[in-house]
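First comes the structure, then the notes that go with it.
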Amino acid sequence: MNYPLARDSASPGVGNQPALWEASAGIASGTRSILDLASDIREPLFLLKREGSYEIRPAGSPVEPNAETLPVVGVTPAVHPSNLGDLGFCADYGLRYPYISGAMANGIGSVAIATALGKAGMLGFFGAAGLAPPRIAQAIDQMQAELGDRPFGVNLIHAPQEPQWEENVVDLLIAKQVRLVEASAYLALTPAVVRYRVHGIHEDALGRIVAPNRIIAKVSRIEVATRFLSPPPEKILNKLVEQGHITQEQARLASHIPVAQDLTAEADSGGHTDNRPAIAMLPTMLALRDRLKEEHGYPFPLRVGLAGGIATPASAAAAFSMGAAFILVGTINQACLESGTSDIVRTMLAQAEQADVAMAPAADMFEMGVNLQVLKRGTMFAMRAAKLYQLYQNHSGLHDLSEKDRTTLEKTIFRAPLDQIWTQTRAFFQERDPAQITRAEGDPKFKMALVFRWYLGKASGWANSGDPNRKVDYQVWCGPAMGAFNEWVRGSFLEAPENRSVVAVALNILYGTAVLYRVNSLRIQGYPIESPRIIPQSIEQLKEFFS
């Protein structure tokens, strides 16, 4: 392909003499489109200069100057998807590709997602949040049986309203020897997450500190990121020593390592989010990483990946270009066949556009006023959940509700008397955490919160099970990335929900990212080319590029 010269390019030749390329080598100009050439990510491309124009060639051999040679003014290397992120990160976790599926609560981040990605050289986290320990244990057993030595992880979510649940999950993770967790929604470090990290810490024969349990922390705030990238607080370590969880020597060793060596900067995403812009957040987190590594003198690197809004090759390429060690996706995997949600929800997500999202109160942090991002299109959950929080703020208990408000709640939201809902709620916490019942019976406002949280919790369950009678109340965690994904795959085989597998989606994003790297490399070397749309291909079509 020939284009007029945009400018004189710096030559990769020696001194002032440009390297020369055999004009007869490779493929003649015009026989393949530039996108065809860039799409074969296995071969380098060379930018040649011919009589005031540029020419792209996939192959050739430098020779002595003669009439059949052209000067080489740019080179675009082969780009293998495994080289897109931080190679050390992939090596440490046994990954081939720097691609992670984040933990989506209530098992939406399913065993099937974790095993499919694990077998494909990527990493999936099981969504343990909201589940009882026996259900989590079952999932761990399945993943360990199916994956063997291949990597997987389990979510550990901050549970300020249920600290005993968090402790019980850590007990389970330690007992099952789960070596990797995704710590999410943390507002501050808890004894539970620190206990998981420092369990089994020791020195090897060379005097190096070895911490068997690893954490990838997902955060959106600098102050929280600082806590995770710093050593555990002395106060918490001393408490763990007093409780007999670690020795004094282990506490000393723990004071020299970060709570998390790896961190995911979470931008505008589905579920718990601060709606932060990725383009501003990631550079800030990278600067924090560098400062804390120097401050604490760690002999190993700290690494930062990016989540939130990543749903296309363009967004993934932007993340890696800004310095992300890895990318983490969530919302788009919920729309895949392997997710732990229903076909009805998958169809709803496949129809979503970028503006079809809203913020709504979070069940696990309801009283704190924390919100999460959900699908707005096709459901009234966000509006109804907001109404419940408004009533909670303005009343001292269920007894304080007006007759009109009570009737509206029982008829439209709960579809049952509030006393009946409390009976169900009481039975739930009798098994999960009886201390919550004791507190509620002495605190009417807290009792009201538990009843209102019944709806928030059930709304996610109705969506996951596909309850047709409760579609209007579905709580579907969703970020604007879903709309971007749907636009990208429009007209391709991935447009249909029944064709969306997590591996097919992942390989297309990684492959498309590699193609865009090559296109962008040509652009910055003077070749006037627009970024193309990378049309998704089947796994079979992509296999040759991932060998």
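The values are calculated or read from the model by the stated rules, or taken from the named source; none is laboratory data. Here the structure is a predicted model, which is why all the values come from computation and not from measurement. Reconstructed Cβ throughout: ideal geometry from the backbone, glycine too, with neighbour counts over all protein chains shown.
In region 494-522, the residues that are under 12 Å from Ile41 (Cβ atoms) and in contact (Cβ under 8 Å) with a residue 40 or more places away in the chain reach residues that are in a helix (DSSP H, G or I) and among the aromatic types (Phe, Trp, Tyr) with C-beta atoms within less than 6 angstrom, at least six apart or across chains, in these pairs: Tyr511/Phe545. In region 240-274, the residue that is nearest to Phe228 (Cα to Cα) out of those that are polar (S, T, N, Q) and over 14 Å from the mean Cα position of the chain (by Cα) is Gln261. Restricting attention to region 265-295, and to residues there that are of a type in the set (S, T, N, Q) and touching a helix residue (DSSP H, G or I) at 6+ places or on another chain (Cβ under 9 Å), which single residue is surrounded by the fewest Cβ atoms within 10 Å (Cβ to Cβ)? Out of the qualifying residues, it is Thr284.
If you go through region 530-547 and keep only what is in contact with a Leu (Cβ under 9 Å, 6 or more places away or on another chain), modelled with pLDDT of 90 or more and not in a helix (DSSP H, G or I), you end up with Ile534, Pro536, Gln537. Going through (1) surrounded by fewer than 23 Cβ atoms within 10 Å (Cβ to Cβ); (2) outside any helix (DSSP H, G or I); (3) out of contact with any Ser or Thr (no Cβ under 7 Å at 6 or more places or on another chain) one by one, Tyr527 falls short only on (1). Scanning region 154-188 for residues that are surrounded by 15 or more Cβ atoms within 10 Å (Cβ to Cβ) and in a loop (DSSP other than H, G, I, E, B) returns His158, Ala159, Pro160, Gln161, Glu162, Lys176, Val178, Arg179, Ala185, Tyr186, Leu187. When we screen Pro98, Pro133, Pro191, Pro151 for residues that are over 30 Å from Ala317 (Cα atoms) and either surrounded by fewer than 19 Cβ atoms within 10 Å (Cβ to Cβ) or touching a Gly at 6+ places or on another chain (Cβ under 7 Å) (or both), the only hit is Pro133.
Out of curiosity, is Leu237 in contact with a Leu (Cβ under 7 Å, 6 or more places away or on another chain), surrounded by 22 or more Cβ atoms within 10 Å (Cβ to Cβ) and not acidic (Asp, Glu)? Spelling it out, it is not the case that Leu237 is in contact with a Leu (Cβ under 7 Å, 6 or more places away or on another chain), surrounded by 22 or more Cβ atoms within 10 Å (Cβ to Cβ) and not acidic (Asp, Glu).
Quick grid of which residues meet (1) crowded, with 19+ Cβ neighbours inside 10 Å; (2) closer than 29 Å to Ile344 by Cβ; (3) assigned by TED's automatic domain parsing to the domain that holds Tyr455:
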position: Met380; (1), (2), (3): no, yes, yes
position: Arg384; (1), (2), (3): yes, yes, yes
position: His395; (1), (2), (3): no, no, yes
position: Ala416; (1), (2), (3): no, yes, yes
position: Ile421; (1), (2), (3): yes, yes, yes
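Give region 392-450 a look and list any residue that's basic (Lys, Arg) and farther than 22 Å from Met368 by Cα, or say none. Those that are basic (Lys, Arg) and farther than 22 Å from Met368 by Cα: Lys404, Arg406, Lys411, Arg415. Residues of region 26-46 that are in contact with a Lys or Arg (Cβ under 8 Å, 6 or more places away or on another chain) and at pLDDT 75 or above: Ala38, Ile41, Leu45, Phe46. Asn469 - would you say it is within 26 Å of the chain's Cα centre (by Cα), modelled with pLDDT of 95 or more and of a type outside the set (Asp, Glu)? Spelling it out, it is not the case that Asn469 is within 26 Å of the chain's Cα centre (by Cα), modelled with pLDDT of 95 or more and of a type outside the set (Asp, Glu). On the given criteria, is Ala416 under 30 Å from Ala352 (Cβ atoms) and at pLDDT 95 or above? Spelling it out, it is not the case that Ala416 is under 30 Å from Ala352 (Cβ atoms) and at pLDDT 95 or above.
Taking the criterion of being out of contact with any Ser or Thr (no Cβ under 9 Å at 6 or more places or on another chain) and either among the small types (Gly, Ala, Ser) or assigned to a loop (DSSP other than H, G, I, E, B) (or both), the residues of region 355-377 that qualify are Ala355, Asp356, Ala358, Ala360, Ala362, Asp364, Met365, Gly369, Val370, Lys376, Arg377. In region 201-216 there is no residue matching the filter, namely being surrounded by 22 or more Cβ atoms within 10 Å (Cβ to Cβ), within 16 Å of Tyr298 (Cβ to Cβ) and among the small types (Gly, Ala, Ser). Can you spot a residue in region 428-441 that is buried (at least 20 other Cβ atoms within 10 Å of the Cβ), over 31 Å from the mean Cα position of the chain (by Cα) and not small (Gly, Ala, Ser)? Within region 428-441, one or more residues are buried (at least 20 other Cβ atoms within 10 Å of the Cβ), over 31 Å from the mean Cα position of the chain (by Cα) and not small (Gly, Ala, Ser). For region 81-122, taking the residues that are among the aromatic types (Phe, Trp, Tyr) and touching a helix residue (DSSP H, G or I) at 6+ places or on another chain (Cβ under 6 Å), the one that is nearest to Ile41 (Cα to Cα) is identified as Tyr97.
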